[in-house]
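The values are calculated or read from the model by the stated rules, or taken from the named source; none is laboratory data. Small disclaimer: the values here were computed from a predicted structure and weren't measured. Methodologically, a virtual Cβ is constructed for each residue, glycine included, from the backbone with ideal geometry; neighbour enumeration extends over all protein chains shown. Each accessible area value is taken on the protein alone, full model and side chains, heavy atoms only, with ligands, DNA and RNA left out. Shrake-Rupley method; radii C 1.70, N 1.55, O 1.52, S 1.80 Å.
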Amino acid sequence: MRRAFIAGNWKMNLNLASSVALVEGLVKATADCDDVDVAVCPPSVYLSAVAQAAAGSKVGVGAQNMYHEPDGAFTGELSGAMLKDVGCRYVILGHSERRNILGESSEDVNLKVHAALSAGLIPIVCVGELLAERKANKTMDVIRRQFDGSISGLTADQMKQVVIAYEPVWAIGTGEVATPAQAEEVHLALRKLMEDRYNKEVAETVRIQYGGSVKPDNAAELLAQPNIDGALVGGASLKVEPFVGIIAGARKK
Ligand code: PGA
């Protein structure tokens, strides 16, 4: 039985005071939440403060990106060890905004996935098709290419530690959510792909989050699908109430 996992991706939003206030609110609201994993991924400059405010609570902390080298002359970058050092447990890798706006390739993501696991971080690896790709019936080709490229070279044991997030790009921040059936179709295909590339145990272990306009009023229905194990939430993770509403949807699973 896979444990549901709800993560908030704050992207480039909030400030120091509002980040700390938000996590403090979430810490209170999730005090009795023993059946769902919860995490927030603030902007990197606020990681330390957010991790301190969340210490000892049910709210885990993750970064939104990292660099693959362990240290050295890489101006502006952060290593996995640095993220661990300030209290991160997770790191989002290959988010579509990084792939499409900042030009990250699956090869870049793959280097980061290996480095994250070496640093003891749990990578949340994002895959997802553009609207034009879905319309051209290329969804599964894109997902397969991104998945294979991003997890290349991982052993079965390493793969079991990874979280996959399926985020159709056309549903991110648009209010246009994939239907539960559309999302489940891709999640099931991803699970079959993992069985094919690894084995049944890996496929049954890895959690696959859905992301793209998840809100309290659509979360329960999405999360009720057998292969949707959680959500990666953008806009609705920026306030306590909607994020807690989504966690409540996961608890019904
Ligand atoms: P959204 O973002 O919930 O605002 O659509 C999801 C994401 O990009 O992770």
Estimated FRET transfer efficiency (Thr174, Ala73; beta-carbon r; R0 45 Å; 0.05): 0.70
Per-peptide average of other Cβ atoms within 10 Å, ordering 186-197, 63-74 highest first: 186-197, 63-74
Portion, in percent, of the accessible area of the chain that falls on carbon or sulfur, probe 1.4 Å: 53
Residues listed by number, the stretch 86-102, amide nitrogen under 15 Å from Arg145 label point at 7 Å toward C-beta: 99-100
Among 115-122, 35-42, the order from most to least packed when residues are scored by Cβ within 10 Å on average: 35-42, 115-122
Net charge of Cβ neighbours under 14 Å - reference Ser79; Lys, Arg +1; Asp, Glu -1: -2
For the stretch 1-159, accessible area per residue (1.4 Å probe, heavy atoms of protein chains only), Å²: 46
For the stretch 70-155, the fraction of alpha-carbon pairs in successive 10 Å shells from zero, as %: 17, 45, 28, 9, 1
Calculated on alpha-carbon atoms, Rg and Dmax of the stretch 72-217 in Å: 15.3, 47
Surrounding net charge for Lys112, when Lys and Arg each add one and Asp and Glu each subtract one, Cβ distance under 13 Å: -3
Calculated SAXS-style log₁₀ I(q)/I(0) at q = 0.14, 0.17, 0.18, 0.24 Å⁻¹ - the stretch 1-117, Debye, Cα scatterers: -0.60, -0.86, -0.95, -1.39
Helical mean residue ellipticity (222 nm; -39500 (n - 2.57) per DSSP H run of 4+; nearest 500) of the chain: -13000 deg cm²/dmol
Members of Lys135/Lys192; Lys112/Lys215; Lys112/Lys160; Lys28/Lys215 lying beyond 18 Å, as alpha-carbon distances in this model show: Lys135/Lys192; Lys112/Lys215; Lys28/Lys215
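How large, in Å, is the chain by the Kirkwood hydrodynamic radius built from its alpha-carbon pairs?
It is 17.9 Å.
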Mean-position separation - Cα centroids, the stretch 44-60 and the stretch 90-167, in angstrom: 25
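Given a Förster distance of 45 Å, report the FRET efficiency between Ala132 and Asp32 from their Cβ-Cβ distance, rounded to the nearest 0.05.
For R0 = 45 Å, the calculated efficiency reads 0.50.
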Rounded accessible area per residue of the stretch 184-249, 1.4 Å, Å²: 39
Order by protection proxy (mean Cβ within 10 Å, highest first), peptides 159-170, 23-34, 219-230, 130-141: 159-170, 219-230, 23-34, 130-141
Phi to ³J(HN,Hα) by Karplus 6.51 cos²θ - 1.76 cosθ + 1.60 over the stretch 217-231, Hz, x for Gly, Pro: 7, 10, 5, 4, 5, 5, 6, 6, 5, x, 9, 9, 9, x, 9
Square roots of 5 times each gyration tensor eigenvalue, C-alpha, the stretch 123-179, largest first, Å: 24, 14, 7
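Taking the Cβ of Arg98 as the center, what net charge do the other residues with Cβ under 12 Å away carry, scoring Lys and Arg +1 and Asp and Glu -1?
Details: positive: Lys11, Arg99, Lys112; negative: Glu97, Glu104, Asp108, Glu167.
With Lys, Arg at +1 and Asp, Glu at -1, the neighbours total -1.
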From the C-alpha gyration tensor of the stretch 176-225, square roots of 5λ in Å: 24, 10, 8
Principal axes of the stretch 1-54: Cα extent on each, largest first, Å: 36, 20, 15
Relative intensity, log₁₀ I(q)/I(0), of the stretch 42-91 from a Debye sum that treats every alpha carbon as a point, q = 0.15 Å⁻¹: -0.37
